[in-house]
Amino acid sequence: MQIRLPDDSVIDVPEGATALDAAQQIGSGLARAAVAATVNGEPVDLSTPLSDGDSLGIITVDSDEGLEILRHSASHVLADAVLQLHPGTQLGIGPAIADGFYYDFLLPQPLSDADLPAIEAKMQEIISAKEPFERRELSRDEAAELFSGQPFKLELLQELPGDEAASVYTDHGFTDLCRGPHVPDTGRVKAFKLLSVAGAYWRGDEHNQMLTRIYGTAFPAKKQLEEHLERLAEAERRDHRKLGTQLDLFHIDEEVGAGLPLWHPRGALIRKIVEDFWRDAHLENGYEMVMIPHIASAELWKTSGHWDFYRENMYSPMDIDGQEYIVKPMNCPGHIKIYKSRTRSYRELPIRWAELGTVYRYERSGVLHGLLRVRGFTQDDAHIFCRPDQLQDEIIGVIEFVLYMLKTFGFEEYEVYLSTRPEKSVGSDEHWQQATEALKVALENVGLGYELDPGEGVFYGPKIDMKIRDALGRAWQCTTIQVDFNLPERFDVTYVGEDNAEHRPIMIHRALLGSLERFMGCLIEHYAGAFPLWLAPVQAIVLPIADRHNDYAEQVAARLRREGFRMDVDYRKESVGKKIRDAEVEKVPYMLVVGDKEEESGSVSVRSHAEGDLGSRDLDGLIADMARQVEERN
């Protein structure tokens with residue numbers, strides 16, 4: 001038989017040869033790395049027989065597809081182990097996910113993280129047995145009988161399209177409903193680790209039963225697993241919720257309400273610094289500031305379309321003097337109303353209006369997560385009203401502004417997505433095509449690479465989404481740029497053109513940092529709480545060695561305060577070593593130790609959180625260095 005390979009070369013294999021046989025014929029190294037294959041573009045197991053003329057691709061464990069298959073196979077091993085240890089368990093689903101896998105269970109008794117070592121040990125037994133993953137196709141009736149005690153599997157079985165047969169995989173006596181493919185045998189799942197136990201509603205629906213979800217990860221080699229676990233440990237050390245408490249920045253009080261953070265003085269000060277920079281940068285870039293109320297009549301949201309398209313994320317109306325009002329989930333209708341307060345001329349456009357506007361959106365309790373997913377947040381929102389001939393330049397200007405803002409905060413790497421029309425949308429095909437093309441051309445003009453994200457635009461228009469990569473390489477959603485023809489039509493927004501006739505402007509929605517709460521969480525984790533000097537709530541702390549040095553310590557602090565620095569003095573009756581350790585825990589950028597020698601010479605002994613002991617410095621030189629760092633924001 002002749003088999004065609006991805007490079008269009010052809011190999012001859014004997015009748016009955018499998019994908020694995022072909023891989024071994026190509027090379028023993030390829031066969032050892034192979035976990036699955038594609039035949040005529042479809043993913044299959046390596047045990048799949050080939051036919052004359054088939055196109056064959058080999059999926060290796062070091063590819064994204066291969067790693068996903070390895071992790072999905074690990075989830076089957078996990079389910080097998082749990083079922084052996086806890087008879088009567090009902091099985092949910094067990095997919096591979098980014099960086100790992102999970103499996104959902106309805107267990108006869110609760111599990112916790114303390115149970116994971118026993119499950120890992122049982123998994124290791126299954127892996128050591130090197131049992132093959134064997135695929136079978138069953139009729140619906142056969143599969144229903146096989147899974148008669150597994151209601152979640154029966155539910156999935158009922159959803160198979162048409163008369164499609166049920167695909168099942170068996171390993172080590174354990175059988176699961178699964179499309180596959182899988183690695184050849186359980187022995188391929190070598191480097192794995194179970195990470196945590198959590199709750200999860202069946203199929204993500206809060207109206208369904210709560211299941212126990214076990215998360216894990218797997219890699220081809222032990223070294224890769226160890227590196228990943230170290231990254232997880234570092235992410236844990238950087239967790240903004242822990243640092244928020246440690247650095248006294250914010251907390252969330254359940255009596256106030258889930259998803260509603262309370263900012264402490266130091267956290268609020270960092271926010272002020274961020275917000276001041278944001279406002280100054282916008283004014284310098286041709287924006288004007290506006291402000292709108294936190295509530296508005298329900299009629300406004302009906303006109304905007306949010307009542308029909310976004311109602312599930314809006315809080316219930318409140319009755320005020322017999323009229324329904326809603327806390328705002330968006331700022332855009334309010335900005336439109338400001339635009340419509342008088343007649344606008346083509347000479348005024350583009351109009352760029354910005355607001356740090358707080359909005360309120362219903363988020364399910366299961367997805368709330370510190371500052372990263374909240375119910376009340378401040379959006380760094382702006383709306384641009386422009387003529388069609390200005391659209392391209394305005395989008396380019398926004399993208400360039402985005403890059404300036406993000407780089408200033410220390411983010412240099414991005415993932416960029418162009419999201420196109422979703423199934424549930426409004427507006428004409430012509431407008432959607434025009435808007436999508438404008439975003440595409442702007443990205444290309446600026447030189448930003450991007451990926452298409454089909455169907456993920458908002459209901460009124462396509463958008464650009466930018467994710468920033470932090471110090472650990474994790475992606476965070478921040479920036480969004482959206483072109484909107486719909487709201488100007490719904491609100492009958494116009495301007496008077498050069499011909500004295502009314503024309504419809506185009507509206508650009510854009511948020512550069514996104515939610516300030518989310519961005520603050522990202523900043524905390526990116527810098528692990530050790531903020532650069534310009535952002536640090538306390539930029540330096542003076543540490544007197546003994547009480548007799550307190551007056552000089554206050555003189556040093558006062559001098560630096562006059563120069564505009566945020567200062568503190570540690571007057572506690574503690575050793576200077578203890579004071580330094582505490583300041584290090586608080587991640588204060590500079591610790592200025594003063595004693596007899598420093599007081600006599602009018603100097604300070606400088607310790608940097610980032611660089612350690614910097615020795616003795618005169619105040620003028622230190623102030624000049626600190627001022628330069630603040631000015632350069634580095």
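The values are calculated or read from the model by the stated rules, or taken from the named source; none is laboratory data. These figures come from a predicted structure and were not determined experimentally. Methodologically, a virtual Cβ is constructed for each residue, glycine included, from the backbone with ideal geometry; neighbour enumeration extends over all protein chains shown. Accessible surface is based on the protein model in full, side chains and every heavy atom, while ligands, DNA and RNA are left aside. Shrake-Rupley method; radii C 1.70, N 1.55, O 1.52, S 1.80 Å.
Think of a 1.4 Å ball rolled over the protein heavy atoms: the range 231-297 then has 55 Å² of accessible area per residue.
Normalised per residue, the accessible area of the range 406-477 is 48 Å², obtained with a 1.4 Å probe and no contribution from ligands, DNA or RNA. When peptides 623-630, 87-94 are ranked by their average number of other Cβ atoms within 10 Å per residue, the highest-first order is 87-94, 623-630. Over the range 118-203, the alpha carbon radius of gyration divided by the compact-protein estimate 2.2 N^0.38 Å works out to 1.24. Relative contact order of the chain: 8 percent, from C-alpha pairs under 8 Å at least 6 residues apart in sequence. Were the residues from residue 434 through residue 347 laid out at 0.36 nm apart, the gain over their Cα-Cα distance would be 29.0 nm. Excluding same-chain neighbours fewer than eight residues apart, the aspartates and glutamates reachable from residue 597 by a Cα-Cα span under 19 Å are 547, 551, 554, 570, 613, 618, 620.
Output the relative contact order of the range 64-131, whole-number percent, from Cα pairs under 8 angstrom with separation of 6+ residues.
34
With a cut-off of 12 Å between beta carbons, the residues surrounding residue 143 carry a summed charge of -3, where Lys and Arg count +1 and Asp and Glu -1.
Magnitude of the charge dipole for the range 159-230, about its Cα centre and with charges confined to Cβ atoms of Lys, Arg (+1) and Asp, Glu (-1), is about 400 debye. Only helices enter this figure: runs of n ≥ 4 DSSP H residues, each worth -39500 (n - 2.57), summed and divided by the residues of the chain, yield -10500 deg cm²/dmol at 222 nm to the nearest 500. Nonpolar atom fraction for the chain, defined as the carbon and sulfur part of the 1.4 Å probe accessible area, stands at 47 percent. In order along the range 581-591, the phi-based Karplus estimate (6.51 cos²θ - 1.76 cosθ + 1.60, θ = phi - 60°) of 3J(HN,Hα) comes to 4, 5, 5, 5, 4, 7, 6, 6, x, 10, 10 Hz; Gly and Pro are listed as x. Accessible surface calculations at 1.4 Å, restricted to protein heavy atoms, place the range 549-597 at 50 Å² per residue. Here the chain is treated as a Stokes sphere of Kirkwood radius computed over C-alpha pairs; at 37 °C and 0.692 mPa s its diffusion coefficient rounds to 113 µm²/s. Which shape class applies to the range 50-179: rounded if a/c is under 1.5, otherwise prolate when a/b exceeds b/c and oblate if not, where a ≥ b ≥ c are the square roots of the Cα gyration tensor eigenvalues? Since a/c reaches 1.5 but b/c is at least a/b, the shape of the range 50-179 is classed as oblate.
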